[in-house]
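This report concerns only the one structure given below.
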Ligand SMILES: Cc1ncc(COP(=O)(O)O)c(C=O)c1O
């Protein structure tokens, strides 16, 4: 029976329809169901996952895979970490949500812990990455008017080409990806986009008197793990300071240990004015995001001027505290650095053997391979086909920007698992030839 038939024949009452089916349905049926009833805003790999543990996931047929995407770095602590799941379920059965209309017993503790850990005065809690990044833009604009003295509605926000901070109108207004923008205008005014990793362009842009902030990813994740030159972040910091502009680091993908340090900015000992966290702050089980900054910026917001029904809820606070504790207690940040070295050295070996691997790059466990045809051209299908072959061998990854495959397993991955993934990738590359 096909999935579409199951939907109409088995699920006859409203309450039955609200429950997941007990009996197993095949990957093919699940995909058909999603295709029929879901909106086609993603193009997933044809794999249907049902269970995850650590670095591994299993599909509905029981086949095991190594997860080399980690839900875009939201699962740094590994799938279904027992301590994080424990915190989630315990808190959910005690007090899950009360909104910010009332206080609850965890927000203050969570904010204190995070600010002390990261070295900032205050935390603003949100849920998803895009909300936190947009909150940072709002904070920068408000700071520009209240503190820097920019005339009302004249504040400029500067972004780097290739940036990705989500899909809201605010986020796509700074995007340089035509797919993200086409058909969604008009866009937010007061944005300026300059080339990434270009200090001269930044200097010129920031010297305008009405610039509020420069928001950037220390390594551009969605753009294809694009790494700036060493020293770039240090010089960005210096330019922002010189021009009286807020440096805002979007560490939603690079933060929480992903690159082998708690924050990617830590590699250059750079302290941005605002940092934006998300993804793995929720330990792979819950959407949790935050902006961290100092009084001068954070206290410009007054009651009623910004907020979120779910932001800073008890479950979010409890989960985030546990998510951070797991990263630290289990040495996952150090493991990210070590396993990252191991992975890249294995990938370089593969590159010397397979000419379609044009480049290998990354830091910690945020890595990418650039795939090109034997004639030297970039081809979208090649990266997709390699991911399909890798999937068949038991490694899940997905192309970003068509010709780049991001390799970002959970930070708990073991040395043996990295070796296994490299062996699977070799087989996939052989199969592609
Ligand atoms: C650097 C960066 N910022 C922001 C976001 C948006 O996060 P979310 O999808 O949780 O809104 C992403 C998502 O991939 C991201 O990589």
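General observations
- Neighbour-count ranking [beta-carbon atoms within 10 angstrom, fewest first] of 84, 31, 169: 169, 31, 84
- Note on the chain: with a GNM built from Cα contacts shorter than 10 Å, the maximum mean-square fluctuation among 409, 399, 303 falls on 303.
- FRET efficiency for residue 105 and residue 39, using Cβ-Cβ distance with R0 set to 35 Å, rounded to 0.05: 0.35
- When only alpha carbons are used to place a centre, the range 33-100 and the range 288-340 end up 19 Å from one another.
- Placing dummy labels 7 Å off each Cα toward the beta-carbon, the span from residue 296 to residue 50 is 5.7 nm.
- Order of 165, 384, 58 under a 10 Å beta carbon neighbour criterion, fewest first: 58, 384, 165
- Separation in nanometres of the label points that stand 7 Å from Cα toward Cβ, at residue 271 and residue 381: 5.4 nm
- In the elastic network of the chain, a GNM with C-alpha springs shorter than 10 Å, the most mobile of 217, 296, 161 is 296.
- Within a Gaussian network of the chain (alpha carbon springs, distance under 10 Å), most fluctuating of 135, 73, 345: 345
- Label-point separation, residue 210 to residue 180 (7 Å along Cα→Cβ), nm: 2.4 nm
- For residue 169 and residue 117, the difference between the fully extended length at 0.36 nm per residue and the C-alpha to C-alpha distance is 15.5 nm.
- Helix-only CD estimate at 222 nm, as mean residue ellipticity for the chain, using -39500 (n - 2.57) per DSSP H run (n ≥ 4): -11500 deg cm²/dmol
- Between the beta carbons of residue 423 and residue 341, assuming R0 = 22 Å, the FRET efficiency works out to 0.80 to the nearest 0.05.
- Rounded to the nearest 0.05, the FRET efficiency derived from the C-beta distance between residue 306 and residue 430 at R0 = 56 Å is 0.55.
- Exposure proxy ranking, count of Cβ atoms within 10 Å, fewest first, for 128, 259: 128, 259
- Theoretical gain in end-to-end length, residue 200 to residue 71 [0.36 nm per residue, Cα-Cα removed]: 42.9 nm
- D (Stokes-Einstein, µm²/s), Kirkwood Cα radius, the chain, 1.306 mPa s at 10 °C: 69 µm²/s
Every number in this text was worked out from the coordinates using simple rules, so none of it is lab data. Note that this is a predicted model, so its numbers are computed, not measured. Note that each Cβ is placed from the backbone with ideal geometry, even for glycine, and that neighbours are counted across all protein chains shown.
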